[in-house]
Amino acid sequence: MNYFKTFLLMTILTLILIVAGGVLGGQNGMIIALIFAAVMNFGTYWFSDKVVLSMYHAAPVTEDEEPELYSIVRDLSNRGSIPMPKVYIVDEDTPNAFATGRNPQHAAVCVTTGIMKILNRNELSGVIGHELTHVRNRDILIGSIAATVAGAISILAWMAEWGAMFTGFGGRGEDREGSIVGLIIMAILAPLVATMIQLAISRQREYAADKGGAGLSGNPLYLASALKKLEAGNEQMPMAANQVTNATAHMFIINPLQGGVFKKLFSTHPPTEARIAKLESMARGL
């Protein structure tokens, strides 16, 4: 069901691009915007592991340095039939984790020192299973495609705003004024709706990774217990605003950007309570 919802949301996002392209920039404008957005996101996708790991000053660790962490990653990788990813640690008290890499052959799993302090082996297995599911499902690729389409729509909106501004100079007549107003409204609504759909895709991938992580670790309650601790830990010790960006917040297992209702509305993650409830329901089913 999560895969179907993701496919449906991607289809809607593509349709918005087609409609917005026709209204805001025409066929040529849509092609230019799509190419420009693709170029911007290609580098992020292809070099995602190096870029993100460098941003958070992640340090590679050896099996001698972290034998238990390595053991968990190796066991779950074998269960998931994916290559053993590189393992990194970030010196950060906020408990969190993320995975990156353009495919399972070029993947990395990263945890903070904070998460190592508060989770037991079973809970950490649930978290690592979640991250490895992201790798196995190629969620970095899905996220990059969604970002490219949403980015193209935003570029089209920007082009339309400038076009309306220059068209309006010296213009006369109610038809022209109505056309310009409609263009501006479309330029505002299209990127807003596209962004919300992009975030919805991210939330669906989190649910899918929770389900996969529960399967790899062998017990949904391992991850449910971990999420409870991680949510509390991030509320007590949130990452500083200058440490994390909106562009990378979706990669973490718990959203590191704390905020009010408005922030939650535009969150890359589902509510943690809903994720825990799904995992507990899964455990009852088993």
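We did not get these values from a lab; they are worked out from the coordinates using the rules stated. What you see is a predicted model, and the numbers here were worked out from it, not measured in a lab. Backbone-built Cβ (ideal geometry, glycine too); neighbour counts: all protein chains shown.
One table, with the values for the structure above:
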| item | result |
| --- | --- |
| Among the listed pairs Lys5/Lys278; Lys50/Lys211; Lys50/Lys117; Lys5/Lys228; Lys86/Lys211; Lys86/Lys117, those beyond 18 Å (Cα-Cα) | Lys50/Lys211; Lys50/Lys117; Lys5/Lys228; Lys86/Lys211; Lys86/Lys117 |
| Summed side-chain charge close to Asp91 - residues other than Asp91 whose Cβ falls under 14 Å, Lys, Arg +1, Asp, Glu -1 | -3 |
| Neighbour-count order for Val39, Val51, Val90, Val109, fewest beta carbons within 10 angstrom listed first | Val39, Val51, Val90, Val109 |
| Neighbour-count ranking [beta-carbon atoms within 10 angstrom, fewest first] of Val87, Val193, Val127 | Val193, Val87, Val127 |
| For a label point 7 Å along the Cα-to-beta-carbon line of Ser81, residues of segment 204-227 with backbone N under 17 Å | 212-213, 215-217 |
| For segment 185-241, Kirkwood radius (reciprocal of mean inverse C-alpha pair distance, Å) | 13.9 Å |
| Debye log10 I(q)/I(0) for segment 62-164, one point scatterer per Cα, at q = 0.16 Å⁻¹ | -0.70 |
| Summed residue charge, Cβ within 13 Å of Gly143's Cβ, Lys/Arg positive, Asp/Glu negative | +2 |
